[in-house]
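So the structure is just underneath, and the comments pick up after that.
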Amino acid sequence: MNDRSFMLIGLVLYLGAFLQSLYLLRGCGQWESRAHGPLVLAGWLLHTYGLFLRGQRLGVCPITNLFETVMFTAWALVLIYMLVGLKWRVSLLGPFTLPLVIALCLFAMFPAVDQARDKFTRNVWLSLHATLSLLGYGMWALAGVTGVMYLVQERQLKSHHLRSLFLRLPPIAQLDVINLRLLIAGLVLLTVGIGLGFVVGVVLFLKDVPKTIWTFTIWAVYAGLVAVRLTGRMRGRKIALGSIVLLVILLATFWLVNLVSTAHRF
Amino acid sequence: MHIVVVGLNHRSAPVHVRERLAFTPAKLDFALTALRGVPGLAEGVIVSTCNRVEIYGTGQTPREAISGIESFLHSYHGVDQRLEREIYRYEEPRSIEHLFCVVSGLDSMVFGETEVLGQVKQAYERALACKNTGKALNQLFQRAFQVAKKIRSQTQITRGSVSVGSVAVELAEKIFGELAGSQVMIIGAGDTSEKTARSLQSRGLRVVLVANRTHERAEALAAELGGRAVRFDVFYDELVHVDIVISSITVPHHVLTRDKLEPLMLARQNRPLFLIDLGVPRNIEPAVNNLDNVYLYNIDDLQEIANANMRARQEDLARCNELVAANVEKFREWLRRLPPMTVMSEE
């Protein structure tokens with residue numbers, strides 16, 4: 001079995017955990033079985049092993065092409081989801097996160113996406129720059145997921161129509177706080193990531209105009225969102241909506257920018 | 001060995017009869033010891049709550065056990081008159097089915113409530129500690145607790161609140177999470193507001209402000225709730241710090257309007273505000289619900305949610321009955337294999 005096979009089995013386990021959650025959510029009992037956590041963990045461990053094998057073969061962190069980059073982001077997303085779920089016991093975070101993880105993995109699994117690169121950097125600092133940036137995107141992706149959960153719960157509270165999801169979803173105050181923390185964590189990681197990239201590869205940085213503009217624009221918009229939330233000028237629904245819209249923009253433009261990028265072409 | 005139950009509940013007997021036959025917690029051990037002397041009874045557990053008094057027992061002949069328990073109930077409480085209609089007497093399989101229904105909340109005044117499970121557990125533990133139980137009742141009660149757990153996890157009968165006060169608490173918890181750090185303001189010192197505030201206090205909410213047109217009444221209610229009275233003409237200034245407002249004042253106009261709340265939300269840094277309008281005519285302009293982070297519920301909204309939750313609970317009754325019936329049959333199979341036991345008075 002090669003690295004892709006392990007990642008594919010991991011994807012199947014994520015899918016199994018998600019379908020099981022959907023099935024349980026249709027019923028009136030508990031939505032989460034005892035098998036849900038172990039299924040996701042097993043999927044993530046296989047995902048990790050697949051990435052490890054790929055990294056071992058390349059001799060660097062496996063983020064040299066679009067397949068690896070997307071699989072790494074999905075891997076980070078599951079890791080952050082498990083840590084957040086463990087720390088704050090956020091009910092239903094799994095069924096809301098797994099569709100995004102599965103979509104990312106399915107996209108990456110298209111053979112055309114996994115094109116081997118002839119040249120890629122072996123500079124440790126540049127690898128760290130990319131890794132931290134992708135972890136930051138993972139944080140923002142989960143912020144988008146908690147934003148969706150917030151909107152679903154808030155819609156029920158506003159409309160006075162409380163469906164079965166109402167009791168199972170966390171309080172909106174908790175979702176709002178977790179969303180903010182994820183936005184801040186993503187911002188910090190991306191700031192350090194960009195900073196490293198700028199210090200280590202300043203020439204490449206300045207030459208790669210489209211990627212540089214894109215990165216700074218995304219960073220600035222997220223920073224603005226965090227600022228208005230911290231000052232209390234916006235809170236709740238608008239921040240949740242902002243997290244989702246920015247995530248959609250991020251996902252839609254990330255690969256487009258890579259197509260026109262020089263130093264960041266995956 | 002046969003299992004029987006003799007008792008009365010909120011449906012069979014009015015409160016003045018139930019209270020006459022109730023066993024106080026302080027004297028329960030004494031009553032359990034006295035129960036041992038009942039002829040024909042091998043084991044016995046006394047369940048006494050505000051809505052029911054029941055004695056579960058086992059005996060070789062069900063009629064003798066029932067008659068013994070009934071005589072005990074009358075003589076222990078000094079009741080001369082025979083309570084023919086108020087007391088129910090069940091033999092198997094109904095006695096087993098009844099316990100399974102009681103612990104699952106299917107026989108409760110508030111259908112599906114879970115408090116009764118804890119009360120029956122306590123009653124069983126007291127009987128166990130007094131050595132009033134043997135193999136049959138030990139197994140029966142353990143099975144009953146398992147059935148209650150199964151019904152709770154596999155059906156909707158414990159889901160959602162079914163009273164106005166508890167719906168308000170549930171909504172507050174879904175907005176704020178923990179209520180311990182939240183502040184509530186009561187506008188109008190009415191009975192419903194007080195009950196709702198007390199429900200919130202029972203979930204950890206501490207700070208209560210009371211505003212009323214008659215300031216003395218506000219002070220009196222604030223003292224009762226351990227809160228602080230606020231002058232009615234300045235209550236608006238306090239809303240910046242408050243998380244939940246319960247309003248039940250009789251006024252011809254709205255005391256809170258969208259125009260007033262909009263700038264207030266900025267001053268509150270858009271922290272969520274839960275408004276409970278119990279007044280008729282309504283005290284709060286409905287349009288405030290369109291403001292971000294403001295959640296407005298009036299008395300009809302709360303009642304409708306409570307009714308919907310009750311309907312959802314009752315729709316699952318058939319499923320609950322199936323679970324109970326299946327478990328009654330399983331337990332009876334086990335009971336048939338049990339060797340005869342001595343009566344408590346012979347031990």
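The values are calculated or read from the model by the stated rules, or taken from the named source; none is laboratory data. Model, not experiment: these values are computed from the prediction. Because the Cβ atoms are built from the backbone with ideal geometry, glycine has one as well, and the counts that use them run over all protein chains shown. Each accessible area value is taken on the protein alone, full model and side chains, heavy atoms only, with ligands, DNA and RNA left out. Shrake-Rupley method; radii C 1.70, N 1.55, O 1.52, S 1.80 Å.
Listing for the model above:
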read-out	value
Check: chain B dipole with +1 on Lys, Arg Cβ and -1 on Asp, Glu Cβ, in debye	860
Along each principal axis, Cα extent of region A:167-266, largest first, Å	51, 24, 22
Kirkwood Rh, Cα atoms: Rg over Rh of the protein assembly as shown	1.10
Distant-in-sequence amide H partners of B:Leu209 (H built 1.01 Å from N, under 5 Å)	B:Val184, B:Met185, B:Ile186, B:Arg228
In sequence order, calculated HN-Hα J values of region B:66-77 (Karplus, 6.51, -1.76, 1.60; Hz; x Gly/Pro)	5, 4, x, 5, 5, 5, 4, 4, 5, 5, 4, 9
Region A:35-50 - phi-based ³J(HN,Hα) in whole Hz, Karplus 6.51/-1.76/1.60, Gly and Pro as x	7, 4, x, x, 5, 5, 4, 4, x, 5, 5, 5, 4, 4, 5, x
Expected-Rg normalisation [2.2 N^0.38 Å, Cα atoms] applied to region B:1-160	0.97
Proximal lysines to A:Lys211, defined as alpha-carbon separation beneath 24 angstrom and excluding residues fewer than eight positions away on the same chain	A:Lys119
Long pairs among A:Lys158/B:Lys195; B:Lys149/B:Lys195; B:Lys27/B:Lys135; B:Lys174/B:Lys330; B:Lys27/B:Lys149; A:Lys87/B:Lys260, criterion Cα-Cα beyond 28 Å	B:Lys149/B:Lys195; B:Lys174/B:Lys330; B:Lys27/B:Lys149; A:Lys87/B:Lys260
Probe 1.4 Å - accessible area at A:Val209, Å² to nearest ten	80
Overall Cα dimensions of region B:17-90, principal axis frame, Å, largest first	30, 28, 20
Modelled label reach - B:His215, point 7 Å along Cα→Cβ, region B:174-188 residues with backbone N closer than 16 Å	B:188
Separation in nanometres of the label points that stand 7 Å from Cα toward Cβ, at A:Phe52 and A:Arg89	3.2
Proportion of all alpha-carbon pairs of region B:169-230 beyond 14 Å (%)	49
Sum of side-chain charges, A:Leu187 neighbourhood, beta-carbon under 14 Å (Lys, Arg +1; Asp, Glu -1)	+2
Estimated [θ] at 222 nm from DSSP helical runs (n ≥ 4, -39500 (n - 2.57)) normalised by residues in the protein assembly as shown, nearest 500	-20000 deg cm²/dmol
For chain B, projected area of the alpha-carbon convex hull averaged over all directions, nm²	20.3
Exposure rule at most 15 other beta-carbon atoms within 10 Å, DSSP loop trypsin sites (Lys or Arg not before Pro): chain B longest free segment	B:214-336
Rg to Rh quotient for region A:199-238, alpha carbon positions, Kirkwood Rh	1.22
B:Arg231 long-range amide H proximity, modeled H, under 5 Å	none
Region B:122-135 - phi-based ³J(HN,Hα) in whole Hz, Karplus 6.51/-1.76/1.60, Gly and Pro as x	4, 4, 5, 5, 5, 5, 5, 5, 7, 6, 8, 10, x, 4
Rule-of-thumb Rg ratio for region A:1-117 [Cα; 2.2 N^0.38 Å; N residues]	1.09
Accessible-area value, A:Thr231, 1.4 Å probe, nucleic acids and ligands omitted, Å²	70
Kirkwood hydrodynamic radius (C-alpha pairs) into Stokes-Einstein, chain A, 25 °C and 0.890 mPa s, D in µm²/s	128
Nearest-10 value in Å² for the accessible area of A:Thr253, using the 1.4 Å probe	40
Mean separation of Cα contacts under 8 Å, 6 or more apart, over the residue count of region A:1-150: relative contact order %	27
